[in-house]
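Taking it in order: structure first as C-alpha cells, then the write-up.
The values are calculated or read from the model by the stated rules, or taken from the named source; none is laboratory data. Keep in mind it's a predicted model, so treat the numbers as computed, not measured. A quick note on method: Cβ atoms are made from the backbone with ideal geometry, for glycine too, and the neighbour counts reach across all protein chains shown. Each accessible area value is taken on the protein alone, full model and side chains, heavy atoms only, with ligands, DNA and RNA left out. Shrake-Rupley method; radii C 1.70, N 1.55, O 1.52, S 1.80 Å.
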Amino acid sequence: MAPSAKRKRASAGENFKESRQKIRTLEASLSDKSNLNNVVELTKFTKSDNAQVVHASIHALHRVYTQFLMADDLKKPKVIDESSAKTKVQLWLRENYLDYLTFVRSLLSSDEPGLQLPALNILMTMIKSESEHAMNNSGAYHFANDVYGPTVRAIINNTNFSEPLRRELIEKYLNVYDDLRHYFFKDAAELIEKALKEKDEDTMTKKKNKAKKVEDNNSSNNNNKSLSLLASNVYAIVEGIRTMPTEASEIDEFWTVNPTKYEAKVEKKKNIDDLLGDEGLLSDEDDMEVEEDANTKKKASKKHPLLQLSVHKRGFSNCWLSLLKLPLTEEMYKKILLILHKRILPHLSEPKLLMDFLTDSYNIGGSVSLLALNGLFTLIVEHNLDYPDFYHKLYTLLDRNVMHVKYRSRFFRLLELFLSSAYLPAALIASFIKRMARLSLTAPPAASAAIIPFIYNLLKRHPTCMTLIHSSKATGEAEDPFVMTELDPYKSNAMESSLWEVKTLTEHYYANVSTLAKIFSEQFLKPKYNLEDFLDHTYATFFTTEIDRKRKKEPALAIDKPIASTWEI
C-alpha cells in the first residue's frame, strides 16, 4: 500500500508540473493577439480535479485578463457592429472574462481551503483594476460595484463560509478600506431586502394557489433555509467590522483611490449613482444623502458622497436594519443585544428606528430582556424614547432566575444606573430594596454579597426609605405586609414593611455575607460602597480567597487518630 501511495503522489506531482508548464506556455502565447483561442485552452485547466492546477490556472487567467482590461479589449462596445471582426472578438473576450469572474466567485464556496482565499484576493484585485481603468478613461471617480456586488452576493450566500475566508475578508479588506466597507453594507442591505421580497411573493403565491401544497411547502422551506444562511453569514461579517468612522476626517483609506483626486463635477441632472459608480447594482434606487454646507454651496464642486460621514452611517444603518428583519437564532439575537449599545447605536443615522426592536426584546422576558436593557435605556436618555412602563418591567425582571444567570453582574450594573436618580419615588425604591432583600435569602452567596452593599447605597441615597431599617412591623415572612408576587412596585406595600431579611443574613453560613449584613445594625456613617468590588464574585473567587488567606494561627489538628467514633447516629 505504501509504495502504491508514493507512486500516486509522484504521479500527481508530475502531472501538476506538466500542467503548470503548459499553463505558463499558454499564458506567454497570449501576449500575441493572434493566439486568443488559447484563452479557451487555458480556461480548461480551471476544470481540473487537481486544486494546484486550478490555483495556477486562475492566477494565469487573472494576469491575462488584467492585460486585456488595461488594453481596452474587454470594454463593451457602445455600438455593436455585427459585421466588424474586432467587435466580435471584443464581445467574445468579454463573455469569457465574465464567465471567468463567475467561476472565481464559485470558488469562494469551494471545499478546498487553498482556493477560497486566492479567489477572494483575485476578485478584489479585479475590482481595483476595473475601477482604476474606468477612472483613467473617464477622469471621474468610479467604483466597480458591478464586480463587487456579485462578489458580495457570493459571499453572503456561501454555504461553505469558512473562518479563514471570513477573517481574510474582514481583517484584510473591510476593516481597512472605507470604500469596500461602505459598499459591502450597501450591497448586503439590497440583497437582504430582495430575498425578503421574494419570500413575501412566495407567501402570496402559496395563499393564492392552494392546489400546490407540497410544492409550495418545499419552496417555503428553501426560502427559510436561504434566509437563515443569509442571516448567519451577514452577521458573522458585520459583527467583526470594528472600524466604522465617527468623524468625516477618519474616512481616508480607500481600496481604489481617494475621491478627492477627482473633481466631482455635479450637474443638475446628474444622479448620485453616477458619482458613486453604482452601475450594476441590484436596484437603481440610491439612499445616499449629500451633506450640503451653506459655505460650500457657492463653490463649483461639492464634497464627494463617499467622503461624507452621513453616507457611511446610512449604509451601516440599512444593513443592520435589514439584518434584523431576518430569522435570527437565539444565540445571534443575544449577541446583537450585547453589542448594540456600544457598536451599533452610535453609528446609526436614526437610532430611533431600533425602538420597536428593543421594546419587543425587552418585553420577551428572561435573559433577552436583561440584554435589551442597555440599548433601551440609551434610547430613553439620549433619544427621548417614551417608555412609561420601564421601571415596572425592570421590577418584574428582578426575580430568582436573575440571581443565577451569567449576565447577573451586567444586570446589577445597569440596575445601579437606572436607580441612581435621587428624584425617583421613595415607594418605587422601597419596592426594589425589599425585592432584592427577599431574593438574597435564596440567592447564591456571590449574589447576596452584591445585594447587601447595593441596598446600603440605595438607603444612603434615599433617606426616606430608612424606615425599613427602623421599623419592627415585620420580623418574618408570615407577618410581612410586603407582597412579593405583586408585579406593580407601587402596590407591593414595601413602605409598610421592614428589612428583616438583612437581619437574617447576619446568620448566613458564609462569613463574608454575614459580616457585610451587620453593617445595617451600625450607624450609617460609612461612605457608599463601590459596587464593582462585589459584582464579579463567584464560588471560584470565594474559594481562591479562602485558600490564599493568611492565617495568624494554624487551625488545631488531631494528633492521634481516634480509636472509635464519638458521634452517635
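Using each residue's phi in region 328-345, evaluate 6.51 cos²θ - 1.76 cosθ + 1.60 at θ = phi - 60° and report the 3J(HN,Hα) Karplus result to the nearest Hz, with x for Gly and Pro.
9, 6, 4, 5, 5, 4, 5, 5, 5, 5, 5, 9, 4, 6, 9, 10, 10, 3
Any chance you could run the full-extension gain for K86 through N258? It's 0.36 nm times the residue separation minus the Cα-Cα distance, nm to one decimal. Could you put the intermediate results ahead of the total?
Numbers: separation 172, 0.36 × 172 = 61.92 nm, distance 3.49 nm.
Contour length minus the Cα-Cα distance gives 58.4 nm.
Return P(r) of region 363-501 (all Cα-Cα pairs; 10 Å bins starting at 0; whole %; ordered from short to long distances).
Bins of 10 Å from zero give 11, 43, 36, 8, 1 percent of pairs.
Pairs of alpha-carbon atoms within less than 8 angstrom and 6+ residues apart define the contacts here; what relative contact order does the chain have, in percent? Please list the in-between numbers first.
Working: 578 pairs, mean separation 48.8, N = 569.
Reported as a whole number, the value is 9 percent.
Once R0 is set to 51 Å, what does the formula 1/(1 + (r/R0)^6) return for the Cβ-Cβ distance between T544 and A51, expressed as a FRET efficiency to the nearest 0.05?
Details: r = 51 Å, r/R0 = 1.00.
The computed FRET efficiency comes out at 0.50.
Hey, how many Å between the Cα centroid of region 133-200 and the Cα centroid of region 484-548?
The two parts, judged by their Cα centres, are 53 Å apart.
With a 1.4 Å probe and all protein chains left in place, how much accessible area per residue does the chain have, in Å²? Working shown, then result.
Numbers: 31070 Å² over 569 residues.
Result: 55 Å² per residue.
May I ask you to derive the relative contact order of region 403-548, considering only C-alpha pairs under 8 Å and at least 6 residues apart, and to give it as an integer percent?
With pairs under 8 Å counted, the relative contact order is 29 percent.
Please state the relative contact order of region 338-480 as a whole percent: Cα pairs under 8 Å, 6+ residues apart? If you can, show how the numbers build up before the last one.
On the way: 88 pairs, mean separation 25.0, N = 143.
Here the relative contact order equals 17 percent.
How much mean residue ellipticity at 222 nm does the chain get from its helices, if each DSSP H run of length 4 or more adds -39500 (n - 2.57) and you divide by all residues, to the nearest 500 deg cm²/dmol? Don't jump to the answer; show the numbers that get you there.
Working: 23 runs with 317 residues, N = 569.
Counting only the DSSP helices, I get -18000 deg cm²/dmol.
Round to a whole number: what % of the accessible area of region 400-443 belongs to carbon and sulfur, probe 1.4 Å?
Details: 930 of 1720 Å².
Here carbon and sulfur together make up 54 percent of the probe-accessible area.
Step through the residues of region 404-420 one at a time and calculate ³J(HN,Hα) from phi using the Karplus curve (6.51 cos²θ - 1.76 cosθ + 1.60, θ = phi - 60°), rounding each to whole Hz and writing x for Gly and Pro.
Going residue by residue, I get 10, 7, 6, 8, 4, 5, 4, 5, 5, 4, 5, 4, 4, 5, 5, 9, 7 Hz, with x marking Gly and Pro.
Which links in K434/K460; K44/K75; K473/K526; K406/K550; K199/K225 stretch past 21 Å when you go from one Cα to the other? Display every interim value, and only then the final one.
Working: K434/K460 15 Å; K44/K75 24 Å; K473/K526 26 Å; K406/K550 30 Å; K199/K225 11 Å.
The answer is K44/K75; K473/K526; K406/K550.
With labels modelled as points extended 7 Å from the Cα through the Cβ direction, what inter-label distance (nm, one decimal) is found for T102 paired with Y407?
4.6 nm
For a distance above 26 Å, tell me the whole-number percent of Cα pairs in region 57-215 that qualify. Show your work: numbers first, answer last.
Values: 5135 of 12561 pairs.
I get 41 percent for the Cα pairs in region 57-215 exceeding 26 Å.
Whole number please: convex hull volume per residue, Cα atoms of region 77-117, in Å³. Provide the component values of the computation, followed by the final result.
Details: hull volume 3.0 nm³, N = 41.
Output value, Cα hull per residue: 74 Å³.
Could you give me D for region 369-417, from Stokes-Einstein at 20 °C and 1.002 mPa s, where the hydrodynamic radius is the Kirkwood radius over C-alpha pairs? Units µm² s⁻¹, please. Let's see the in-between values first.
Numbers: Rh = 11.4 Å.
For these conditions, the coefficient is 189 µm²/s.
Restricted to Cα positions, what overall size does region 358-441 have along the principal axes? Three whole-Å values, descending.
38, 29, 18
Return the label of the correct value of Cα Rg over 2.2 N^0.38 Å, as calculated from the structure shown, out of (i) 0.92; (ii) 1.04; (iii) 1.37.
So the calculated entry is the one marked (iii).
Dipole of the chain, Cα-centred, from +1 at each Lys and Arg C-beta and -1 at each Asp and Glu C-beta, to the nearest 20 debye? Walk me through the numbers before you get to the answer.
On the way: 78 positive and 77 negative charges, 204 e Å.
Here the chain has a charge dipole of around 980 debye.
Pairs K172/K335; K47/K194; K302/K325; K303/K334; K88/K261: which exceed 29 Å Cα-Cα? Before the final figure, lay out the partial values.
Values: K172/K335 24 Å; K47/K194 32 Å; K302/K325 35 Å; K303/K334 39 Å; K88/K261 36 Å.
Beyond 29 Å between Cα atoms: K47/K194; K302/K325; K303/K334; K88/K261.
Enumerate the calculated ³J(HN,Hα) couplings along region 385-395 in order (Karplus 6.51 cos²θ - 1.76 cosθ + 1.60, θ = phi - 60°), each rounded to whole Hz, writing x wherever the residue is Gly or Pro.
6, 8, 9, x, 8, 4, 6, 5, 5, 4, 5
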